[in-house]
Structure formats: C-alpha cells, structure tokens
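See below for the structure under consideration.
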Amino acid sequence: MKLRSDLTINGKLYRKGEMAPKWFIYPFFLFHMGMFGLSGFFMAYASNGPDLAFLYMHGGIAITVYVIFYLAIFGLDEVRWMFINAGLGLFGIWVEIDWILSLFGKSLGDFPVAVHVTPFLYYILYTFLLRQLVLDLFGARGEPARKRRVEMAYVGLSLLVYGGTWLATR
C-alpha cells in the first residue's frame, strides 16, 4: 500500500507515495488496537465500570489517534469507505457485540446507549483494518475489477457471519 502522507516507523521516514511495510503495520495495529479495544469493551460493559466521561476520554483519544494514522496510511477515500462499511454493518456490530456480551450473561439492552459508542467505534476501526488486510492479501488494492470482487465477497461473507450469528442467538 502507498502511504497517503509522510510517516516515521521505527525511526525510518517513509515519504508520501512510498510503499508502507504492511507486515509491520497490520500486526502492530491489529495487536495494539485489539488491546485498547478490549480494555474499552471491558470497561464499558463491566458491572462497576468507570464513569462515562472516563470511558469517552480513554476511547476518544485512542480512536482519534487511530483515525489520524488511518488517514496517513490509507487515505481519505479508504477512511470514507470505513464509515460507509460501518453504516451498512451496524446490524452486524449490534448482533456480534450482543452475542459476545451473552457469553458473560449480559446483553446490549442492559446498558444505556451512550455506553455502546466506544466499543462500537473500536469495532468499526477493527473491521476496517481487516478489510484493508483482505485487500492486500488478495492483491486487490491496485486492480479495480479485483478490488470490486474482493469487496463484494467481503460484504457477502460479513452478511453471512452477521446473519448466522443473529439466527443462532434467537
């Protein structure tokens, strides 16, 4: 993937338009964001979790930083696609987080809607990163026809997973 702005990784400057070291970027962000996302998830849905202000501060700062990195690495068009994907996948997000909570004997309805903002945003950021990884794994980023097929398969597989999860939990 070509960087959309200058970025320093491990002390080395990569200029806008240069190829980013994807085998550093994906593992780093998947792990790092996974840890922050899990902490945000557990804080949001804990029986005696922190105040909503702390949850928003903790998650809001991290989410803002991730979006800035996403813009630098992937560019505005891809980040815009992230929000389109999120809008389409709201059903899936709701179903899957509700399913995860059911593993702990809880449900989304046990919490006020405001509590779900941070975990939902982490979910959106994480699934965006997975989509970027799929595009790169299938060499679809620079080939419009292949990219369209990979994106359609991604959407179809996501709907199968979301729908299957929804049906399995009813």
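The values are calculated or read from the model by the stated rules, or taken from the named source; none is laboratory data. Keep in mind it's a predicted model, so treat the numbers as computed, not measured. Glycine gets a Cβ as well: all are built from the backbone with ideal geometry, and neighbour counts include every protein chain shown. Accessible surface is based on the protein model in full, side chains and every heavy atom, while ligands, DNA and RNA are left aside. Shrake-Rupley method; radii C 1.70, N 1.55, O 1.52, S 1.80 Å.
A few comments on the model shown:
- Among the residues of region 1-21, those that are open to solvent by less than 60 Å² (accessible area, probe 1.4 Å) and either of a type in the set (D, E, K, R) or assigned to a loop (DSSP other than H, G, I, E, B) (or both) comprise MET1, LEU3, SER5, GLY17, ALA20, PRO21.
- Residues that are surrounded by 12 or more Cβ atoms within 10 Å (Cβ to Cβ), closer than 23 Å to TYR154 by Cβ and small (Gly, Ala, Ser) are absent from region 94-108.
- Any hit, region 113-120, residues being more than 17 Å from the chain's Cα centre (by Cα), among the hydrophobic types (A, V, I, L, M, F, W, C) and not in a helix (DSSP H, G or I): no
- Search result, residues across region 25-40 that are closer than 23 Å to GLN132 by Cα and either touching a residue at least 12 places away in the same chain (Cβ under 8 Å) or surrounded by 18 or more Cβ atoms within 10 Å (Cβ to Cβ) (or both): ILE25, TYR26, PHE29, LEU30, MET33, GLY34, PHE36, GLY37, GLY40
- Test: ARG131 is open to solvent by 50 Å² or more (accessible area, probe 1.4 Å) and either of a type in the set (S, T, N, Q) or out of contact with any His (no Cβ under 7 Å at 6 or more places or on another chain) (or both): no
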